[in-house]
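A short worksheet on the structure shown next.
The values are calculated or read from the model by the stated rules, or taken from the named source; none is laboratory data. Computed from a predicted model, the values in this text were never measured in an experiment. Because the Cβ atoms are built from the backbone with ideal geometry, glycine has one as well, and the counts that use them run over all protein chains shown.
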Amino acid sequence: MRAQPTDDLVHDFPFDPTYGYDLDALLAVPAPEAPDGFDDFWRARHAEARAVDVAAELGPVEWEAGGFRAHGVTFTSTGGFRLGGWLTLPADGNVVRGLVSVHGYSGRDRPEPETLLPGTAAIWPCARGIGARSLRDDLPAPAAGHVLQGIGSRETYIHGGCAGDVWCAATALLHLVPEAAGRLGYSGISFGGGIGALALPWDDRFRVAALVVPSFGQYPLRLTMPCVGSGEAVRTHHAEHPEVVEVLRYFDAATASTRTRIPVHVGAALFDPAVQPPGQFAVYNALAGPKELFVTTAGHFEYPGKAAEKRALLASEHEFFLARE
């Protein structure tokens, strides 16, 4: 399926959600250069997460549908954060593969097993401070506040903790469903796409991934572009505190992707008012291993044909995963 012309999209944003980029220009957006100590910083964060006793606990079956049953799950992540979410299992008990699936910045209030390949055991964590099962009084839930939490230092910035949540969720899944080891994948959209891009290079348990409209890519460029997503809070903050760019350099999803060598499928949009397309494509362009791009018309925006594009994107992801098993 080909993306529709973005000229046909009617909107009232005070800016152009294509930011003046056509597909050829998007495919040329580079990743920012890594700052000194980038790899050491992330390897240390990963080592910290792998040392956590996640103490995963599986709750009773909450519902069963479409060949899957859903349980509540809790586990411990870095910093002692106790997180919640769901674990979905094939109703027939036949586990072929595992998946860590991470939500966008709007959070999650249920898992989506209808999007899974048969035989998939999936953990659907709510990242710290986001989603129905990981809210905390000491963390701002709205994206505009969450994205700035601890941003004054690379050691305290919340996105480092969110990457830890991904690694600890993988540990929890493999503890609860050990037969998924060796065939573990990752799936993330928007926030989850960007956090996944930050987390994937350092954890060799992941064998394949799918990132949809990934956020947090090409910060130097995105800081010049208005949007209606969490990036606007960062852009506004940066205008008053330009020194924060030295922290953001360690949390650029495109920079991290230059270290990712596993196969990755990316769904990126030509038009997106919330996650600027140049940042999305920078993540794809930077990937160092086998990769496949599915170009959608728009992200974070309703338009005719969106449902059909979403189905085609999911089918493309599934084909990509199956070809690498």
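Taking region 294-323, which residues are part of a loop (DSSP other than H, G, I, E, B) and within 24 Å of Ala233 (Cβ to Cβ)?
Correct list: Gly299, His300, Phe301, Glu302.
Cβ-Cβ distance below 6 Å, separation of 6 or more or different chains: which pairs start in region 242-267 with a residue that is touching a residue at least 12 places away in the same chain (Cβ under 8 Å) and end on one that is among the polar types (S, T, N, Q)?
That search, which allows pairs on different chains as well, returns Ala254/Gln218; Gly267/Thr296.
Does region 127-142 contain at least one residue that is surrounded by fewer than 17 Cβ atoms within 10 Å (Cβ to Cβ), out of contact with any helix residue (DSSP H, G or I) (no Cβ under 8 Å at 6 or more places or on another chain), hydrophobic (A, V, I, L, M, F, W, C) and at pLDDT 95 or above?
Initially, region 127-142 is screened for residues surrounded by fewer than 17 Cβ atoms within 10 Å (Cβ to Cβ), giving 132, 135-138, 140-142.
Still in the list and also out of contact with any helix residue (DSSP H, G or I) (no Cβ under 8 Å at 6 or more places or on another chain): 132, 135-138, 141-142.
Keeping just the survivors that are hydrophobic (A, V, I, L, M, F, W, C) gives 132, 135, 141.
With at pLDDT 95 or above added as a condition, the list becomes none.
No, that holds for no residue.
Do you know which of the residues in region 45-62 that are exposed (fewer than 13 other Cβ atoms within 10 Å of the Cβ) and either at pLDDT below 95 or not acidic (Asp, Glu) (or both) is nearest to Thr260 (Cα to Cα)?
Here the answer is Ala47.
Out of (1) touching a strand residue (DSSP E or B) at 6+ places or on another chain (Cβ under 9 Å); (2) of a type outside the set (Ser, Thr, Tyr); (3) buried (at least 19 other Cβ atoms within 10 Å of the Cβ); (4) farther than 13 Å from Gly279 by Cα, what's the single condition that is false for Pro201?
Checking Pro201 against (1) touching a strand residue (DSSP E or B) at 6+ places or on another chain (Cβ under 9 Å); (2) of a type outside the set (Ser, Thr, Tyr); (3) buried (at least 19 other Cβ atoms within 10 Å of the Cβ); (4) farther than 13 Å from Gly279 by Cα, the one that fails is (1).
Being out of contact with any Gly (no Cβ under 8 Å at 6 or more places or on another chain), part of a loop (DSSP other than H, G, I, E, B) and of a type in the set (D, E, K, R) is the filter; apply it to region 57-116 and report the residue that is nearest to Tyr157 (Cα to Cα).
Among residues in region 57-116 that are out of contact with any Gly (no Cβ under 8 Å at 6 or more places or on another chain), part of a loop (DSSP other than H, G, I, E, B) and of a type in the set (D, E, K, R), the one nearest to Tyr157 (Cα to Cα) is Arg110.
Please verify whether His237 is part of a helix (DSSP H, G or I) and either over 21 Å from Ala163 (Cα atoms) or in contact with a Gly (Cβ under 6 Å, 6 or more places away or on another chain) (or both), treating the condition exactly as stated. Please lay out each step first, then the result.
On the way: part of a helix (DSSP H, G or I): yes; either over 21 Å from Ala163 (Cα atoms) or in contact with a Gly (Cβ under 6 Å, 6 or more places away or on another chain) (or both): yes.
Yes.
Residue by residue, here is whether (1) among the small types (Gly, Ala, Ser); (2) part of a helix (DSSP H, G or I); (3) over 20 Å from Asp24 (Cβ atoms); (4) modelled with pLDDT of 95 or more holds:
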site: Ala233; (1), (2), (3), (4): yes, yes, yes, yes
site: Ala274; (1), (2), (3), (4): yes, no, yes, yes
site: Glu292; (1), (2), (3), (4): no, no, no, yes
site: Glu325; (1), (2), (3), (4): no, no, yes, no
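Is it fair to say Ile123 is crowded, with 23+ Cβ neighbours inside 10 Å and closer than 15 Å to Leu87 by Cα? Lay out the reasoning, then the answer.
Working: crowded, with 23+ Cβ neighbours inside 10 Å: yes; closer than 15 Å to Leu87 by Cα: yes.
Criteria met by Ile123.
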